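A short write-up of the structure that comes next.
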Amino acid sequence: MFIFDAHVDTLSRLHSSGETLEDQSGHVCLDWLRNGHISAQVFAVFVDPVFYQGMALHRGLEMIDLFWNTIEDYSDYLGFAGSGTSIDELYQEGRIACLLAVEGGEVLEGKLGHLRNLYRLGVRVITLTWNYRNAIASGQMEGDDCGGLSSFGCEVINEMNHLGMLVDVSHLNEPSFWDVLRITSKPVIASHSNARELCNHRRNLTDDQIKAMAEMGGVIGVNFCSAFLSKDRQAAVDDVINQIMYLIDVGGVQCVGLGSDFDGISQTPIGLENCSQTYVLYDELKKRGLSEDVVEKVMGHNFLRVAKEVLG
Ligand SMILES: [Zn+2]
């Protein structure tokens with residue numbers, strides 16, 4: 001079984017609590033990653049908005065240091081993945097491939113040079129915004145009236161395409177989303193977003209957005225946040241499965257993956273309380289009549305495909 005989870009916020013939990021990856025107080029820890037057969041894990045550097053004024057890069061660099069220290073501390077089990085092929089190699093060695101993402105372009109502090117330096121430090125995914133407007137684009141909380149990509153945002157997309165980095169459209173408002181799709185020369189990902197048709201939340205994608213991403217070879221990671229799965233009750237495993245089945249219906253089997261958002265969400269679905277349980281989706285998807293091949297795509301091979309295509 002190959003499982004690729006495109007988004008967790010574990011670095012910011014560890015950074016603020018001072019805990020290590022061995023502590024079992026959140027949704028993600030070393031034993032659970034291993035027992036849960038997670039093969040590739042994207043760790044997001046999420047900078048809290050209180051640090052946006054002049055401290056975003058500083059704070060981001062502290063979390064990048066934590067990422068590298070964690071990999072070094074547990075190098076028997078973890079390895080850095082800076083390319084699609086290195087994910088394959090680590091999987092063959094039985095180690096978990098760890099990818100580094102930045103969630104929120106505030107960390108770039110308006111400079112392409114910082115983007116290139118983040119790449120040099122191992123960052124391979126940038127979620128362009130969190131919920132608000134920044135120098136790159138507008139987040140979904142701003143609504144659709146405050147516009148899309150800035151001219152600096154266009155430069156960022158071009159440079160990310162050039163460097164071989166995954167552009168992540170989760171959290172964007174709709175004008176920004178469509179601007180990104182217009183100018184990117186590579187497929188993009190929505191690392192942790194669901195279908196709005198099943199749960200009407202601004203963080204979720206419309207059918208038109210899902211289709212457009214699928215057509216360009218992009219992949220959408222289904223988010224386990226209860227509020228993005230169900231409006232009025234705590235979600236359960238079935239709600240995650242329903243999202244996956246719906247995304248397949250609208251966009252096809254190539255566009256669906258997993259992006260749990262563990263350690264970044266307050267309420268998890270019943271039956272998916274932490275990352276040791278993600279593998280239960282495998283059997284649940286087979287029960288819905290999906291073939292082995294399709295289930296493997298959803299569990300990890302779609303994200304592996306787009307990682308190989310974009311990261312090399
Ligand atoms: Zn997020």
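Values in this text are rule-based calculations from the coordinates and carry no lab data. What you are looking at is a predicted structure, and each value in this text was computed from that prediction instead of being measured. Counting neighbours? That spans all protein chains shown, and the Cβs are built from the backbone with ideal geometry, glycine included.
At 0.36 nm per residue, minus the direct Cα-Cα distance, what do residue 144 and residue 202 gain on full extension? Give it in nm, one decimal, please.
Values: separation 58, 0.36 × 58 = 20.88 nm, distance 1.04 nm.
Full extension of this stretch gives 19.8 nm more.
Expressed as a rounded percentage, what relative contact order does the chain have, with Cα pairs under 8 Å and six or more residues apart?
Details: 675 pairs, mean separation 63.1, N = 312.
About 20 percent, as a whole number.
Using the number of other C-beta atoms within 10 angstrom as an exposure proxy, rank 170, 151 with the fewest first.
Numbers: 170 29, 151 8.
Least to most surrounded, the residues fall as 151, 170.
Answer rounded, prolate or oblate for the chain, using the Cα gyration tensor with square roots of eigenvalues a ≥ b ≥ c: rounded when a/c is under 1.5, else prolate when a/b is larger than b/c, else oblate. Write out the running numbers ahead of the final one.
On the way: a/c = 1.36, a/b = 1.09, b/c = 1.25.
It comes out rounded by the Cα gyration axes.
Taking the Cβ-Cβ separation of residue 121 and residue 155 as r and a Förster radius of 30 Å, what is the calculated FRET efficiency to the nearest 0.05?
On the way: r = 20 Å, r/R0 = 0.66.
Calculated value: 0.90.
How many Lys pairs in the chain lie less than 17 angstrom apart by Cα atoms, where the lysines are 8 or more positions apart or on different chains? Please report the intermediate quantities before stating the final value.
Working: 186/211; 186/308; 286/297; 287/297; 297/308.
The number of close lysine pairs in the chain is 5.
Taking K and R as +1 and D and E as -1, what net charge do the other residues with C-beta under 13 Å from the C-beta of residue 111 add up to? If you can, show how the numbers build up before the last one.
Values: positive: 116; negative: 106, 109, 155, 159.
Here the charged neighbours net out to -3.
Can you pull the one-decimal nm distance between simple spin-label points at residue 231 and residue 133, each 7 Å off the Cα toward Cβ?
According to this spin-label approximation, the distance is 2.9 nm.
I want the local charge near residue 57. Using Cβ-Cβ distances under 11 Å, sum +1 for each Lys or Arg and -1 for each Asp or Glu among the other residues.
Numbers: positive: 59, 111; negative: 62, 106, 109.
Taking every Cβ under 11 Å from that of residue 57, the sum is -1.
Sort region 39-122 into rounded, prolate or oblate with this rule: let a ≥ b ≥ c be the square roots of the eigenvalues of the Cα gyration tensor; rounded if a/c is under 1.5, and if a/c is not under 1.5, prolate when a/b is larger than b/c, oblate otherwise.
Details: a/c = 2.79, a/b = 2.04, b/c = 1.37.
Prolate.
What percent antiparallel are the DSSP beta bridges of region 3-311, to the nearest 5?
Values: 1 of 32 bridges.
Roughly 5 percent of the DSSP beta bridges within region 3-311 come out antiparallel.
Where a ≥ b ≥ c are the square roots of the eigenvalues of the C-alpha gyration tensor, would you call region 86-152 rounded, which needs a/c under 1.5, or, failing that, prolate if a/b is larger than b/c, or oblate?
Cα axes put region 86-152 in the prolate bin.
Given only helices, namely DSSP H runs of n ≥ 4 each adding -39500 (n - 2.57), what is the per-residue ellipticity at 222 nm of the chain, to the nearest 500 deg cm²/dmol?
Values: 13 runs with 125 residues, N = 312.
The helix-only estimate for the chain comes to -11500 deg cm²/dmol at 222 nm.
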